[in-house]
Amino acid sequence: MIEKHLPMRVGQPIHAQLIYPVYADNTPILPEKTILIGTVTELRSNHSRRINARINGDFTPYYIPVVRFTNMILPDGTSLSLTTSTATDGAPLLRLVAPPPRKGGFIRTQWDYGVQVLHTEIAIFTAPEKGDRLLQLFYHQLPYHPQRIENGTAWTVEIAAPLTIPPQSAQASTPPEKSTPHPIKTDESGRPTWTINAYLGDQLTSATAKSGQPIHAVVAEPVYNPDHTIAVPQGSTIIGAITQAKPARYFARGGNLGFDFKQIVLPNGHTQNVQATLTGADSASTADLAMNSEGKVTPKPQDKIVVPLLLIFLASRPLDHDDDSGSVAGKNFVGANGFGLVGNIIGLAGGAPKVAAGIGFYGAATSFYRRWIARGHEVIFAKDTRLIIQTTPRSAAVLKPEPR
């Protein structure tokens with residue numbers, strides 16, 4: 001993951017850090033924040049984003065950067081050469097967290113959604129880095145603006161050639177306090193519960209997933225018993241299935257996706273039935289996602305009423321002859337907001353209220369179409385998505401694999 005914005009160009013150096021530690025045979029060999037160095041090797045056209053941008057008067061040729069990492073800097077300063085696959089899945093990560101169960105019926109649910117949308121809108125002006133965010137909002141009103149690789153963008157890469165890590169570096173990178181990263185806890189009935197970090201084995205999308213479809217994930221970090229023996233080894237497989245899947249549909253109905261896990265298969269082949277709940281996931285989807293208390297994931301609700309009505313009101317301002325306050329040019333500039341800054345300049349320069357209003361109503365119609373008529377967003381989990389799974393064994397016995 002990168003920690004600052006970078007220019008979108010071929011040859012751009014990439015200075016990134018590991019988000020999570022890397023384990024081998026239940027031993028941490030690379031700690032989090034290990035430095036990776038690479039470059040942008042290619043820029044590929046982002047067709048879908050270009051089309052959506054041009055509808056709003058933005059003719060920026062959007063690209064997807066292709067990244068390859070070539071060096072690793074260990075905590076003791078040792079530099080290692082490495083060969084990785086190229087990555088094009090870069091996106092800022094958002095940690096989805098399952099909230100407490102909702103109380104109330106349909107009205108309470110819709111109210112909560114409305115409050116969530118309001119908080120999201122307010123955060124544009126109150127959250128940290130609001131100055132940079134407002135600058136980007138201005139840029140996106142221009143017909144062309146510079147692109148960048150956003151701060152927080154992360155990629156998933158695989159090592160394409162064997163990598164030997166010096167033993168002293170691996171030992172130095174393992175703080176004693178992190179030798180047991182995920183100890184076992186107990187629930188209200190005294191049964192052990194495991195918080196498991198795992199990587200999804202295959203891509204899942206609400207567009208093609210079917211209820212009952214098998215899925216699996218690989219345990220990324222070992223889980224320890226209170227006596228520091230391993231309960232769930234790194235490399236174990238968690239097996240589950242899709243519980244609910246519905247593709248996105250027209251009239252802005254987003255897809256939804258739900259899945260759970262029922263078994264853990266240890267590297268030695270032993271199987272343990274479990275009761276599992278998805279409590280968190282890293283989301284790199286283009287659509288903002290939300291997770292409910294049961295682990296079901298859907299796109300976040302959009303403001304379907306306030307934004308279209310506001311755009312309609314602004315579009316009608318150039319046609320308002322009863323209000324003599326303000327200049328005609330000012331009304332045209334406010335009303336012609338449907339095609340970015342280009343629309344505002346046309347409305348201001350032309351001096352024709354009907355032209356300005358037409359551009360404004362175009363923007364309102366586009367907003368209405370996207371929020372009420374167009375196909376909704378799909379729920380997509382890429383391969384190797386990080387999952388947080390809360391599991392409880394269905395029997396009282398705790399898994400204790402044989403020591404190596």
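What follows draws every value from the coordinates through simple rules; no lab data is involved. Computed from a predicted structure; not experimentally measured. We place every Cβ from the backbone using ideal geometry, glycine too, and count neighbours over all the protein chains shown.
Mind listing which chymotrypsin sites (Phe, Trp or Tyr not before Pro) in the range 365-394 are in a DSSP loop and have 12 or fewer other Cβ atoms within 10 Å?
Values: sites: F368, Y369, W372, F381; in loops: none.
Nothing satisfies the criteria.
Taking each residue as 0.36 nm, the span from T277 to Y199 lengthens on full extension beyond its C-alpha to C-alpha distance by 26.6 nm. With each label modelled as a point 7 angstrom along the Cα→C-beta vector, the I35-L18 pair spans 1.5 nm. Scaling against 2.2 N^0.38 Å puts the C-alpha radius of gyration of the range 215-275 at 1.55.
If r is the Cβ-Cβ distance from W372 to L94 and R0 is 30 Å, what FRET efficiency results, to the nearest 0.05?
Values: r = 25 Å, r/R0 = 0.84.
According to the calculation, E is roughly 0.75.
If R0 is taken as 22 Å, the Cβ-Cβ distance between R44 and N151 corresponds to a FRET efficiency of 0.55. Phi angles across the range 126-133 convert, under the Karplus curve 6.51 cos²θ - 1.76 cosθ + 1.60 with θ = phi - 60°, into 3J(HN,Hα) values of 10, 5, x, 6, 5, x, 5, 5 Hz, Gly and Pro given as x.
Note on I165 and T86: their simple-model spin labels are 2.8 nm apart, each label 7 Å out from Cα toward Cβ. Close amide H pairs (under 5 Å, H built 1.01 Å from N) link T243 with G212, G258, F259, D260, residues at least 5 positions away or on another chain.
Cut-off 14 Å, label point 7 angstrom out along Cα-to-Cβ of Y144: give me the residues of the range 31-75 whose amide nitrogen falls inside. Taking a point 7 Å out along Cα→Cβ of Y144, the residues of the range 31-75 whose backbone N falls under 14 Å are 58-62.
Database remark: amide H of L142 closer than 5 angstrom to the amide H of L341 (H placed geometrically; neighbours at sequence offset of 5 or more, or on other chains; Pro and chain starts carry no H).
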